[in-house]
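Engineer: Input: one structure, supplied below.
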Amino acid sequence: MKQSVRRCALSFKGALALSVLVFCALAFVPHSSVSAAERRVDAWWPVDGAVVQGTQPFKGIVPDAQVGDYYMYWQVDGGGLVKMDDSWDGYPHKYASVDLSGWNWKSDGKYRITFVAKDKSGKEIARKDMNISKQGVTSGATPAPAPAPAPAPIVVKKEVSIAYPVNNSQVSGSGTFKATLTNADTSSYRMYWNVDGGSDNEMVNNESIIDFSGWTWKGQGPYVIAFTAKDKSNGNVIATAKSSITVMAATAVAPSTAPSTPTVTEPVATSPVLSSKLYVDPNSPALAQAIAWKNSRPADAAIMEKIGAHSSGIWLGGWNADVRADVAKAMANAKSQGALPVFVPYNIPSRDCGSYSAGGVASKDAYMTWINKIADGIGAGGKAIVVLEPDALAGMDCLNDQGKADRLAVLSSALDIFKSKTAASVYLDAGHANWIGDADMAQRLNKAGISKAAGFALNVSNYIRTSENVSYGERVSKLTNGARFIVDTSRNGVGGNGEWCNPWGRALGEAPTLSTGKSLVDAYLWVKKPGESDGTCNGGPNAGEWWAEYALGLAKTAGY
């Protein structure tokens, strides 16, 4: 129902490969990665030499991969492989509950346990062997009951792992600092960065977007970047790591003019287009789920409350029996909070080209009537954010020439209606960074009347990292007379994995805000409600339906 990004195989083929190549070439050169030969399995339990009995939790990870990007299996003494489940309890990992009570063919051992990791094609990428012993087993007999021994302590070394920038890399323009604390729950620590021993800067979800253009006090450098993980409860340093970089675009200046501590040079001012706070729905699915889980799952309920505390998009479509009344009600609720609601009209003819989110009204005239009702609900002088028709421009290649012309015309007419009847800030949806090329998308936006809009919207319902969308948006902006834009950060906290439909292991991104620190970016918004399904794929319900466990996974991976 309310989803669609996705969709055309093109968005994850040539365009993705080119975007990633360009980003790496401009931002971090050279870029090192972990080869297949260097991959390893970290076995959390059992550890080598453990003495066990009863039912045991087998746990492990491939440290340099997202938990949803590979499969893991366990086997005993070279026997059959048993698939392990994905778990987001604490830190994302692979998990299996194994009953050892019937293991008596080798008495008290040793039994050889092997964890085997495979990529999605079934190719083995890493393995790990451990020897364990059982306690109190007589060969061929059922073991007598015995008190459970204290398990061997699991001592897991915690280190700061720097993803970007790699040591001795050359950088220019802007890029994303990214570092994590290995073998640690992301909710247990905060990550900071500094340069050349200066002040610590806290990172958001282990990332910071950096503009290197102002780094001039040492010419090209090298500059030493230090990443420090600190315990969230007491502020104690857990681990630190350093990386040296060279800024290729820097121009040397006299040392006396250099600041003692460099700072990110982006403005922090609120968008000149939007000047209010964002409306939070007190009846959102996340808050309703928190109430439902309050007694049975209190820890998960608390996470749902955190999700529900943020603004998210109000999607409008054929499911609204009286769209004017529904919009007017939301406007009244938002007014009581002194806040801006985010509306997402999603009802254009031939919507989603017949895919998971197929639908839309039957004709251009019906669409204009429907848009007029939304504008009437917002009201004369009414202020709101409107994200107009996700995928309508990026996904129109399925239409014939007349269909494309009609689509551009109805979007332009919709902008006229909102402009004449309301004070809403309307953003034409422009797909995402890995879908349509800059020049092509700019041409579509110009033909659809971007000059009459507040700007364009990127990444709605998708997983592409914010930094990639910002770079793409800045390029499109240059071709659309400086148009401003917004980015959907509802599910892009760890980027994508090549899947568009309910991929596991994804994470919430930046919290909704009207102060992005980016000169052309008006807002980071959760346009897509975290937890609404993309469709009947990867175990999900119908498109647009609430899926509590998926929302929980997004939040836990993000460290909520």
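Engineer: What number of residues within segment 394-452 are assigned to a helix (DSSP H, G or I), of a type in the set (Val, Ile, Thr) and closer than 28 Å to residue 496 by Cβ?
Structural biologist: Total satisfying the criteria: 1.
Engineer: Among the listed residues 348, 314, 307, which satisfies the condition of being more than 30 Å from residue 555 (Cβ to Cβ) and either surrounded by 15 or more Cβ atoms within 10 Å (Cβ to Cβ) or of a type outside the set (S, T, N, Q) (or both)?
Structural biologist: 348
Engineer: Follow-up question, since we're still on this one. Taking segment 426-446, which residues are surrounded by fewer than 23 Cβ atoms within 10 Å (Cβ to Cβ), more than 12 Å from residue 394 (Cα to Cα) and touching a helix residue (DSSP H, G or I) at 6+ places or on another chain (Cβ under 9 Å)?
Structural biologist: The one that is surrounded by fewer than 23 Cβ atoms within 10 Å (Cβ to Cβ), more than 12 Å from residue 394 (Cα to Cα) and touching a helix residue (DSSP H, G or I) at 6+ places or on another chain (Cβ under 9 Å): 439.
Engineer: Spot the failing condition for residue 80; the list is (1) touching a helix residue (DSSP H, G or I) at 6+ places or on another chain (Cβ under 9 Å); (2) at pLDDT 80 or above, and only one is missed.
Structural biologist: With (1) touching a helix residue (DSSP H, G or I) at 6+ places or on another chain (Cβ under 9 Å); (2) at pLDDT 80 or above applied to residue 80, the lone miss is (1).
Engineer: Now, a different point. Is it true that some residue in segment 306-322 is assigned by TED's automatic domain parsing to the domain that holds residue 457, closer than 23 Å to residue 544 by Cα and in contact with a Ser or Thr (Cβ under 6 Å, 6 or more places away or on another chain)?
Structural biologist: yes
Engineer: Could you figure out which of (1) at pLDDT below 95; (2) surrounded by fewer than 23 Cβ atoms within 10 Å (Cβ to Cβ) isn't true of residue 553?
Structural biologist: (2)
Engineer: For residue 530, which of the numbered conditions (1) surrounded by fewer than 22 Cβ atoms within 10 Å (Cβ to Cβ); (2) closer than 16 Å to residue 312 by Cα; (3) of a type outside the set (S, T, N, Q) fails to hold?
Structural biologist: (1)
Engineer: Within segment 106-118, identify whether any single residue is at pLDDT below 85 and in a strand (DSSP E or B), and answer yes or no.
Structural biologist: no
Engineer: Can you name the number of the only condition in (1) under 21 Å from residue 209 (Cα atoms); (2) touching an Asp or Glu at 6+ places or on another chain (Cβ under 8 Å); (3) at pLDDT 90 or above that residue 271 fails?
Structural biologist: Just one mismatch for residue 271, condition (3).
The values are calculated or read from the model by the stated rules, or taken from the named source; none is laboratory data. None of the values given here were measured: they were computed from a predicted structure. Please note: Cβ atoms are built from the backbone with ideal geometry, for glycine as well, and neighbour counts cover all protein chains shown.
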